[in-house]
Each structure stands twice: as structure tokens, then as C-alpha cells.
Amino acid sequence: MIGIRVGLGFDVHRLEEGRPCVLGGVELPHPTGPAGHSDGDAVLHAITDAVTGAAGLDDIGSLFPDDDPRWEGADSRAMLRAAMELAADAGWRPGNVDVVIATEGPKIKPHRTAIRASLAELLGLDVDDVNVKGKSLEGMTELAGGRAVTVHAVCLMTRVGPEG
Ligand code: MG
């Protein structure tokens, strides 16, 4: 068994007027924000799935069901922290994370540094080990009558302990 694994996470949320625009644990100035049962932080949801995926655990929807009142309006940072604890219990900790945010909503580039710092702190990593890229959706979801934010995340995990 090798001491590294990779996990992949994806998430998409509709953007709605008047919702706080929280992405990667940072509130961005924008008139729309991700809709959702929790705070809708699609970046943290994708990373949570990448972490649990690499650790061989259930996905975010199974671990933190959206019909569970404990997670209603929940700060997604709490979900990521809980997932990291489960991963650590399973013997895995993050090595590096890379994220692509594609959206017709807020511009990501001006907030890259803040989002990287926020993610690095949450994941217990150096900023160099966390990367964030913003992309346009080229108006594709606007053609379908709405706006969205989509996120892809990969997380390298290293084994903790004697086998690592
Ligand atoms: Mg989500």
C-alpha cells in the first residue's frame, strides 16, 4: 500500500440574489451568492468530498445529510473540519489541494489570495500547498436561465503514522 492517495471533489450551486457570496470560507462582495441548505460554500463542499474521497470515506451528502437539522444553515467550515477529523481517524492528512472555481458570478482573481489563505488555515497547510484558479462559465448557465458556481477540487492525502 502506498502512502499517498488523491481525491476528487465537484460541486455546483445556483447563484441567488441576496445570498451571502461565501466561497472558500471568504465572503466576496457580490449581489448573488450560492443557494443551499448550508451556507452554500461550493468550494468547501468540493474540497470536503476530495478529502473524504481520498480517505476512502462516504461522500459529503452521506456524512452531512441536507435533511439533517444539525447542518441547516451550517458553516461549511465545520463540515470540512469534521471531514478532516474523520480522515485523520482513518490515517490520512492533506498534502496539497488544487481548486478550479468556474462561475458567472463574482470575479475570483481579486480574491485568490484571501481564499488561498482561508483554505490553507482550514486544511493546516502552507499557502504554497493550496492553489485556486478562477474561470468563466462563458454564460453557459445564463443561457439556461440562471447563474451558477461550479467547483472542481483535487486533494493529495498522505498517510499519517508508521505506514506513511
Ligand atoms: Mg454543495
> free of Cβ contacts under 8 Å to residues at least 60 places away in the same chain and in contact with a Lys or Arg (Cβ under 9 Å, 6 or more places away or on another chain) - does that describe any residue in the range 80-95?
Replying inline: yes
> From the list 51, 12, which one is at pLDDT 95 or above, within 15 Å of the ligand (Cβ to nearest atom), in contact with a Cys (Cβ under 9 Å, 6 or more places away or on another chain) and among the β-branched types (Val, Ile, Thr)?
Replying inline: 51
> Do any residues in the range 38-52 that are without any contact (Cβ under 8 Å) to a residue 60 or more places away in the chain have Cβ atoms under 8 Å from those of residues that are open to solvent by less than 10 Å² (accessible area, probe 1.4 Å) and near the ligand (Cβ under 9 Å from one of its atoms), where the two are at least six apart or on different chains, and which pairs are they?
Replying inline: 38/76; 39/76; 40/34; 40/76; 41/34; 41/76; 48/76
>> I'm checking my understanding of the structure. Among residues of the range 55-79 that are in contact (Cβ under 8 Å) with a residue 12 or more places away in the chain and assigned to a helix (DSSP H, G or I), which one is farthest from residue 8 (Cα to Cα)?
In response: 71
> If we scan the range 26-37, do we find a residue that is within 11 Å of the ligand (Cβ to nearest atom), outside any loop (DSSP other than H, G, I, E, B) and either more than 26 Å from residue 104 (Cα to Cα) or out of contact with any Ser or Thr (no Cβ under 8 Å at 6 or more places or on another chain) (or both)?
Replying inline: yes
> Only one residue in 93, 81 is out of contact with any strand residue (DSSP E or B) (no Cβ under 9 Å at 6 or more places or on another chain) and more than 14 Å from the ligand (Cβ to nearest atom). Which one?
Replying inline: 81
>> aliphatic (A, V, I, L, M), more than 21 Å from residue 34 (Cα to Cα), more than 12 Å from the chain's Cα centre (by Cα) and crowded, with 24+ Cβ neighbours inside 10 Å: is that true of residue 54 in this structure?
In response: yes
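The values are calculated or read from the model by the stated rules, or taken from the named source; none is laboratory data. Remember, predicted model here, so these are calculated numbers, not experimental data. A quick note on method: Cβ atoms are made from the backbone with ideal geometry, for glycine too, and the neighbour counts reach across all protein chains shown. In case anyone asks, the SASA skips ligands and DNA or RNA and just uses the protein heavy atoms, side chains included. Shrake-Rupley method; radii C 1.70, N 1.55, O 1.52, S 1.80 Å.
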